[in-house]
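Participant: Provided herewith is a single structure, encoded as structure tokens, for subsequent inquiry.
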Amino acid sequence: MKRSKRNIEESVYQSRRSRLLKQLRGEAALLVSAPQHTRSRDQLFDYHQNSDLFYLTGFSEPECALLLVGGTRGPRSVLFLRDRDLNDEQWHGERLGIKRARRRFAVDEVRDIQQFPAAFSEMLTNARALHYLPGVNPAFDLHVHNLFASQVGPRLQYPNILKDVRLILSQMRFVKDRGEIQSLRHAADITARAFSMFFPLIKQVASERHGAALLESFFYKLGAHGLAFPSIVAAGKNATTLHHSPQLQPLWKRELVLIDAGASFRGYSGDITRTVPVSGKFSPPQADVYDVVWAALQAAIAKARPQSSLDEIHEAAVKQLTKGLIDLGILRGSLAENIETGSYRRFYMHRTSHWLGLDTHDIAPVTYNGSGGTTLLLPSSMRPLISGVALTIEPGLYFDAKDSKVPARYRGIGIRIEEDVLIVPGGCDVLSSGLPSSRAEIESLMS
Ligand SMILES: [Mn+2]
């Protein structure tokens, strides 16, 4: 098959597959599509492809699987997918089908997904281990289960070891390549611009849900491919619930509204949070809290550079937030004492960062090659940052409306500010910088 017929993107996916195959060293990997989920009766939820499979193929149809076998007779890559079915397509949309898939994908073989159960075990006979992630799709779990389930004793045939496919894929997906960085940058930029189009209109917003729909309309107007996650629009004290889903509640003029939303572009996520006064002007207590969170954001961004870590970023945010809580008279005692006891957690109960990529809460590896060739097992929050990784920085403070330990003027205030950053040599690039975050800039944007 001539390469010229394929688009440039396919060569990126092809090279990812061959990098994975190289690491399999005689073993096999199975990546499967996400299942479709029923909403009710014959209605389905929006379909979202399994990110690992998408990373290796760019394919977003359901009912497909990628089998990579690094066998003794040379590596093989096989993509199983649904063939065309004009009757089904009449109702549910066009399928790529086998013939066109053979032109599009630079895999060794394209086969009908209906042949999968029979072909699967037969193709694995020379692979010592199968790299797979159970729980993505129960239909495929059953095939893997049947392969391994034996009443008699240890399997005589290969494969007889099951490995977590994420050990390799999390390594591969961690550092973003040029195309991924472009997509992340564009997703963050669309999100930032949509927020700035939305804010001046906030006084016309009838409810949290209307606000979410209006903001999302700007995502699509600016070319978003979808939403990175369900938008959070939280009016007033609803903002103290971290992942509040938008309701029919109106945005009251004297209150704040917290908006945490993101456009996706080519599967990559934007994820921005701003908390703004519906009236356009922060009240003095709202301003006090806002400035503390904003200072924490700046301190945390200053730590986003190679060799730092998510823990270091988090510690910088915690230090500023705790200092602010003491200054506001909410916490008593010394800074060190309050950090030590974790008293701030009552008002800041989440971490400062998560990785960003194909998944909004992106995957990160747990192993790390330390000095002297040693392999360290580290939670990703301790892992030294390197150029090309993307993450969010999102400090916040949340005061429960009924918390009698908090001065009355702060009760019911929830504020979070979130930026998307890319680690670059010497520091970071704030991908969401198209949208201002300081109190004065927010107020001027809203007028
Ligand atoms: Mn986030």
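Participant: Tell me the relative contact order for the range 244-367 as a rounded percent, counting alpha carbon contacts under 8 Å between residues six or more apart.
Facilitator: With pairs under 8 Å counted, the relative contact order is 20 percent.
Participant: May I pose another question? If a helix is a whole DSSP H run, which ones in the chain reach 18 Å or further along their own axis (Cα) and hold a mean Kyte-Doolittle hydropathy of at least -0.5?
Facilitator: On the way: long enough: 8-24 (25 Å, -0.88); 178-198 (30 Å, -0.11); 208-221 (20 Å, -0.31); 284-302 (27 Å, 0.65); 310-327 (26 Å, -0.08).
TM-like helix candidates: 178-198, 208-221, 284-302, 310-327.
Participant: Here's something else I'd like to know. Using Cα centres only, tell me the gap between the range 365-423 and the range 229-288 in whole Å.
Facilitator: 19
Participant: Evaluate the distance, in nm, between pseudo-label points positioned 7 Å from the Cα of GLU109 and of GLN247 along their respective Cα→Cβ axes.
Facilitator: 5.5
Participant: In the range 1-70, which trypsin sites (Lys or Arg not before Pro) are in a loop and have at most 12 other Cβ atoms within 10 Å, using DSSP for the loop call?
Facilitator: Values: sites: LYS2, ARG3, LYS5, ARG6, ARG16, ARG17, ARG19, LYS22, ARG25, ARG39, ARG41; in loops: LYS2, ARG6, ARG25, ARG41.
Those satisfying the criteria are LYS2, ARG25, ARG41.
Participant: Give me the percent of Cα-Cα pairs in the chain that sit more than 38 Å apart, rounded to a whole number.
Facilitator: Tail fraction, whole percent: 33.
Participant: Could you list the residues of the range 405-434 with an amide nitrogen less than 17 Å from a label point located 7 Å from the Cα of SER196 in the Cα-to-C-beta direction?
Facilitator: The answer is 418-420, 430-434.
Participant: Testing the spin-label approximation: label points 7 Å from Cα along Cα→Cβ at ARG254 and LYS402. State their distance in nm.
Facilitator: Distance between the two pseudo-spin positions: 2.2 nm.
Participant: Another question, then. What is the range 82-158's relative contact order, in percent, from Cα pairs under 8 angstrom and six or more apart in sequence?
Facilitator: Once divided by the residue count of the range 82-158, the mean separation gives 24 percent.
Participant: Got the relative contact order for the chain handy, in percent, Cα pairs under 8 Å and 6 or more residues apart?
Facilitator: 14
Participant: Arrange PHE140, PHE174 by Cβ neighbour counts within 10 Å, fewest through most, would you? Kindly include the intermediate steps, with their values, before the conclusion.
Facilitator: Values: PHE140 22, PHE174 19.
Arranged by neighbour count, lowest to highest, PHE140, PHE174 become PHE174, PHE140.
Participant: Please report PHE45, PHE198, PHE229 as a ranked list, fewest other C-beta atoms within 10 angstrom at the top and most at the bottom.
Facilitator: So the ranking, lowest neighbour count to highest, is PHE45, PHE229, PHE198.
Participant: What FRET efficiency comes out for the pair GLU340/LEU86, r = Cβ-Cβ distance, R0 = 60 Å, nearest 0.05?
Facilitator: Once the sixth-power term is evaluated, E becomes 0.35.
Participant: Shifting gears a bit: Only bridges with both residues in the chain count here: give the DSSP antiparallel percent, nearest 5. It would help to have the intermediate numbers written out before the result.
Facilitator: Values: 42 of 52 bridges.
If we restrict to bridges inside the chain, about 80 percent are antiparallel.
Participant: Could you run the Karplus curve 6.51 cos²θ - 1.76 cosθ + 1.60 with θ = phi - 60° over the range 262-277 and give me ³J(HN,Hα) per residue in whole Hz, x for Gly and Pro?
Facilitator: The phi angles translate into x, 7, 10, 9, 6, x, 8, 9, x, 7, 10, 10, 9, 10, 10, x Hz.
Participant: Now for a different question. For the chain, what does -39500 (n - 2.57) per DSSP helix run (n ≥ 4), summed and divided by total residues, give at 222 nm, in deg cm²/dmol to the nearest 500? Don't jump to the answer; show the numbers that get you there.
Facilitator: On the way: 13 runs with 154 residues, N = 447.
Result for the chain, helices only: -10500 deg cm²/dmol.
Participant: Quick one: order PHE265, PHE59 by neighbouring beta-carbon count within 10 Å, fewest to most.
Facilitator: Taking fewest neighbouring Cβ atoms as first place, the list is PHE59, PHE265.
Participant: So, one more: Share of Cα-Cα pairs in the range 347-431 beyond 23 Å, in percent?
Facilitator: Everything past 23 Å amounts to 42 percent.
Participant: Another question, then. Pairs to check: LYS281/LYS323; LYS253/LYS303; LYS253/LYS402. Give those whose C-alpha atoms are more than 28 Å from each other in this structure.
Facilitator: Beyond 28 Å: LYS253/LYS303.
Participant: Tell me, what is a quarter of the convex hull surface for the C-alpha atoms of the range 155-211, in nm² with one decimal?
Facilitator: Result: a mean projected hull area of 7.8 nm².
Participant: Starting from the Cα-Cα distance between ASP141 and SER438, subtract it from 0.36 nm times their residue separation and give me the gain in nm to one decimal.
Facilitator: Working: separation 297, 0.36 × 297 = 106.92 nm, distance 4.90 nm.
Once the chain is fully extended between ASP141 and SER438, it gains 102.0 nm.
Participant: Loop only per DSSP, at most 16 neighbouring Cβ atoms within 10 Å: give me the trypsin sites (Lys or Arg not before Pro) in the range 129-234, ordered by residue number.
Facilitator: Details: sites: ARG155, LYS163, ARG166, ARG173, LYS176, ARG178, ARG185, ARG193, LYS203, ARG209, LYS221; in loops: ARG155, LYS176.
Answer in residue order: ARG155.
Participant: Tell me which trypsin sites (Lys or Arg not before Pro) from the range 338-403 have a DSSP coil assignment and no more than 11 other beta carbons within 10 Å of their own.
Facilitator: Answer in residue order: LYS402.
Values quoted throughout were computed directly from the atomic coordinates according to the rules given, and no laboratory measurement underlies them. All of these numbers come straight from a predicted model, not from anything done at the bench. Neighbour counts are summed over all protein chains in view; Cβ atoms, including those assigned to glycine, are modelled from backbone coordinates with ideal geometry.
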